Amino acid sequence: MKNKRKFYIYEDDEEKKFLHLNKNKTSKYSSRKKKYIHNKIKKNDFIINFIIIFIIITIVFLVIKIKNSKIIKNIQQINQNNTSLNNSELISQENYKKIAIDEGFDYIQKCKEGIFFNDAKNFTVKDFPKISVIVPVFKCVDTLKAAVRSVQNQQMLDIEIILVNDNSQNETVNIINELKEEDERIKVINNKQNMRTLYSRSVGVLISKGNYITNLDCDDLFFSDNIFNIAYNSSENGYYDVISFNSIASKDENKKEMYHDVFTNKNENNLIISQPELSCYSVSNNDSKIVNDIFVWGKIYKRLVYISALNKLSYNRYSTPMGWNEDFSQLFAIYSIAKSCKFINKYGYFHKASFSSYSSIMSNNEKNFADIFLDDIIFDLGKPFCKKYSAIRLIELKGFRFSGSFEDKTKDLLYKLINKIINSKDIEVKYKIQLKEAYLNIFPSLKPSNL
């Protein structure tokens, strides 16, 4: 059924007119109303927008404040954690040192008693052992057996022990023979005359066959039965040329309360080449401890690097009888060649902090010669950055040691070294002038001149 529409038909014209007029009035009223509302809203836009922006800014501020408070709390927590971690690391290090000293003390006491941890039946000679141990032997009757025991009792059995008898006699020879008879890994070299430590270590290295070399003084001991394994495994299959480890020193190995770490970091005023100077070599390691010492023990060295260092020293140098400054002479040559070094935080060496049998019998003239000998090595082997320290050391040494007469060999070496320094392009003029003035009374021919 179709939808029907209703139509209102007004017959009266007046009525139509009335309706039409009212219709116009209604339409105009509605239009004015809309316009009024629009204008009112328009006038309030600024206030509304300001309120909205204020609300947004307030919300953002509160959010940022909340986040910042959380960040601050997190930072505080992190700092607290770091502090506790640092404290725990310090405590851990202190505990480790105490444990290492306790264990090391027990170890060296048993070695002094001559106790074998290892069965000598398991000692076998290898063509190319992992580590060769070089032990110069001179007047150490009371300490030699204990020193060798600290090697024999290592958990690493694949080693060789080279005893270099520096013309010792009587009882010392008997102990050497006794040790050799019980351990076929021991080799003995006999110097025809007393050549001192530099030569004895050098000839031991030259006949060695180990992948790595380590040194042991005949009155010292290794401080752990596992330091060889730890150091050798840290070499990362031969990547590192030098691996060094912590050392303990004491005048009395029987008193733990006297044990102390071996710290040998010296500055220029102490007349010792230390980290800043040695770091001019291409030694790659982030830990400065690797070069903060002057001792040739407490480390293992790649054999080929050690031999290259001896070749760099030259036979004329390492065959010079020397028992003073000889550690650093070799060490300086080694670091001038080494490309990669590593320090491991393990206690592995005990040094008896007293004058050795060599140094105790050396005269002042011999020590003078040894000092000049070392300066000569630093100057010849050092890179330009290091060479000035030869001049500085000589200038300072004149102040407290070089007074009185010189032996001919000492005077000759000193004169040659001074002339090398004065004629070097690597040395600043001020050092050349100071050097001339310092030794003018000894060598009048070194007349001050315009340099």
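Listing for the model above:
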item	result
Prolate/oblate/rounded call for segment 312-356, Cα gyration tensor, a/c under 1.5 rounded	oblate
Among TYR431, ILE372, LEU394 the positive-end extreme of the charge dipole of segment 365-438 (Cβ point charges)	TYR431
Test item: Cα-centred dipole of segment 365-438, Lys/Arg +1 and Asp/Glu -1 on Cβ, debye	280
Rounded to the nearest 20 debye, dipole of segment 131-239 from Cβ charges on Lys, Arg, Asp, Glu	400
Sequence of PHE332, PHE295, PHE128 once ranked by neighbouring C-beta atoms within 10 Å, starting from the fewest	PHE128, PHE295, PHE332
Rounded to whole Hz, the Karplus (6.51, -1.76, 1.60) HN-Hα couplings of segment 204-211, x for glycine and proline	x, 5, 5, 9, 6, 10, x, 5
Low-density loop positions, trypsin sites (Lys or Arg not before Pro), segment 98-148 - DSSP coil, at most 16 other Cβ in 10 Å	LYS126
Difference of contour (0.36 nm per residue) and Cα-Cα distance, LYS383 to GLU236	50.1 nm
Charge tally in the Cβ shell below 15 Å around MET322, where Lys, Arg are +1 and Asp, Glu are -1, MET322 excluded	-4
Entries of LYS388/LYS409; LYS126/LYS180; LYS299/LYS342; LYS302/LYS339; LYS121/LYS302; LYS209/LYS299 with Cα pairs more than 19 Å apart	LYS388/LYS409; LYS121/LYS302
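The numbers here are math on the coordinates, done by the rules we state, and not lab data. Keep in mind it's a predicted model, so treat the numbers as computed, not measured. Ideal geometry is used to build each Cβ from the backbone, glycine not excepted, and the neighbour counts take in all protein chains shown.
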